[in-house]
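Read-outs: derived from the displayed coordinates by stated rules, not from any lab. Every value quoted in this text rests on a predicted model; they were computed, and no experiment measured them. Cβ: placed from backbone, ideal geometry, glycine included. Neighbour counts: every protein chain shown.
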Amino acid sequence: MLFEHRTRKEQDHMQLLTLDSLLLGLLAATMVTALLLFRENPFDPLSIFSYLYIPRFVVRPAFILLDLDTPFLAFLFREEPKALARETLMVFSVGYIAFILAYLSFKGWSRRWIRSDSKGKGRYQTAISMRRLRFVTSIGILVALGMIGYQVIRVGNVAEFMYASRHGLWDGLSFLRIIPNLTSLLAAFMLVESIKRRRGRALSAVFLIASLLAPTLMGDRSAVVYPIIFIIALYTLSRPNVPVVYLAIGLVMIGGLMGALDTARRSIFENNRVNYWDTVEQADGDSPSVFRTMSKALNLSVFDHFMVVKQDFDYNNFLYGDFFVRGVIGLVPRTLWEEKPKTITSGNWFSETYLPGTAGKPFTGIGEWWINFGILGVFFGMTLSGLFCRIAWEWAKHRRNSSGCMLLYLVMILSMTSGGVIASNLPSMFVLTVAPLVLLNQILRTKQRTEKASSRKILGPAPQIAGRYSV
């Protein structure tokens, strides 16, 4: 009797594994097919969305559903984790369908709405002044390193500073964190311009390395990786025939870099203080594995965090726009409003709610729409995101000054939005990243005559957006 019960239980388990495999396979096939059919460029919004969300909502769920790994923060789950993973996948699927439908449906409308400025007007057009760009980047590097040097001396050492940076050191001064990020983006932009003009490449590389010191000391992996992504993307966007193997190598290198930075950061913490995150995992009984390591390195734990809020929030206690209101009031400096809510971002809200005293733990922009408005909010938010991405892409691919305009486009897709998904931090990221870059874009430009070959020598040929079949 016991043997029959065990056999039946094993059969049920195998059936669930089969169904989960089919579910994951169907979702993966849908996303890959949409990518192959509708992609226009390796760095258009659909491609960027797929690069970010296939690992988060296909690979990570596969680790959980196929018994390759246990959920992060498993002690927070009251419901069966696999059932929650399936429900979370369903929510994402609704959002993905809404995103794709909006992105494709508004293609014709956005093309008519966006007007190309490819034809120059008058006898002059503008080009980036490398002298001004180097000057502004130098100032940014000096300010960033000086600011961080002061904080390191104040807190004691680099390890303490790195830990404090993730645990409230910049409260009330969060706008200062954007200085190293913007500086590294300018340095990446400088390197791309130098490569295009075929002069000053070594100096620009030195500027880039120097600009990455500050975010590295802050333990901010995104600020270190993003400039490298921008360099690869800017090169790819302006070259119509980049071999796919080069792109694959670049993506693998970025993943490896994120893993190396995560390992280095954890090593520094372990050698100087107990990392609360690791303490929680050890108390939870988690055992290290290659799947666990990969999930940590690529920040795939956001899916697990989404599972937690999916479990704890429904129509009885949705927040109904609270995150988005906080995203707007976050623009008000705390010096002007002392009673301003301490918790502004969704990641910090998650930590304060479930793990007080730890660094912010985001649960994706789709998770924000869910916790605020439920499944209808996910559908509306992802429809809005698809429309935004289509407009941004049509605007970008009709600009002939590729480096500056493409940098703005990439910042809008990767920083201002979460891989194309509009989230509650959009107002603050627009003010802190897009607006300064637009201003700098005007400051750094200088007029050049459009006559004869002198203009082409300075500006280089107008880049062509790579076609859908080129990679």
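Can you work out the PRE-style zone for residue 355? Point 7 Å along Cα to Cβ, and I want the residues of the stretch 195-227 with backbone N under 11 Å.
none
Suppose every Lys and Arg Cβ carries +1 and every Asp and Glu Cβ carries -1, with no other charges. What dipole size does the stretch 48-104 come out with about its Cα centre, to the nearest 20 debye?
Working: 5 positive and 5 negative charges, 25 e Å.
Computed charge dipole of the stretch 48-104: roughly 120 debye.
Compute the distance in nm between two label points, each set 7 Å from the Cα along the Cα-to-Cβ direction, one at residue 222 and one at residue 104.
Label-label distance for residue 222 and residue 104, simple model: 3.0 nm.
Given a cut-off of 32 Å, name the pairs among 310/397; 310/342; 340/361 whose C-alpha atoms lie farther apart than that in the structure shown. The partial results should precede the final answer.
Working: 310/397 38 Å; 310/342 24 Å; 340/361 21 Å.
Table pairs above 32 Å Cα-Cα are 310/397.
Once label points are set 7 Å from the Cα along Cα→Cβ at both residue 17 and residue 443, what is their separation, rounded to one decimal in nm?
Roughly 6.0 nm, to one decimal.
Check residue 418: other-chain or 5+ apart residues with amide H under 5 Å from its amide H, H built from backbone geometry?
423
Counting other beta carbons within 10 Å of each residue's own, what order do 129, 289, 47, 385 fall into, fewest first? Spell out each step's value before the answer.
Numbers: 129 16, 289 13, 47 21, 385 27.
The fewest-first ordering by Cβ neighbours comes to 289, 129, 47, 385.
Using a 7 Å offset from the Cα along the Cα-to-Cβ direction at both residue 10 and residue 335, what is the distance between the two label points in nm, to one decimal?
Calculated label separation equals 6.9 nm.
Please rank 304, 220, 322, fewest neighbouring Cβ atoms within 10 Å first, as an exposure proxy.
Arranged by neighbour count, lowest to highest, 304, 220, 322 become 322, 220, 304.
Using the charge dipole of the stretch 282-397 (Lys, Arg: +1 at Cβ; Asp, Glu: -1 at Cβ; taken about the Cα centre), state which of 360, 321, 297 has its Cα farthest towards the positive end.
Comparing the listed Cα positions along the dipole, 297 ranks first.
Using the alpha carbon gyration tensor of the stretch 23-92, what are the three equivalent-ellipsoid semi-axes (square root of 5 times each eigenvalue), largest first, in whole Å?
27, 11, 10
Ranking 406, 31, 382, 253 by Cβ neighbours within 10 Å, fewest first, what do you get?
With the sparsest Cβ surroundings first, the list reads 253, 31, 406, 382.
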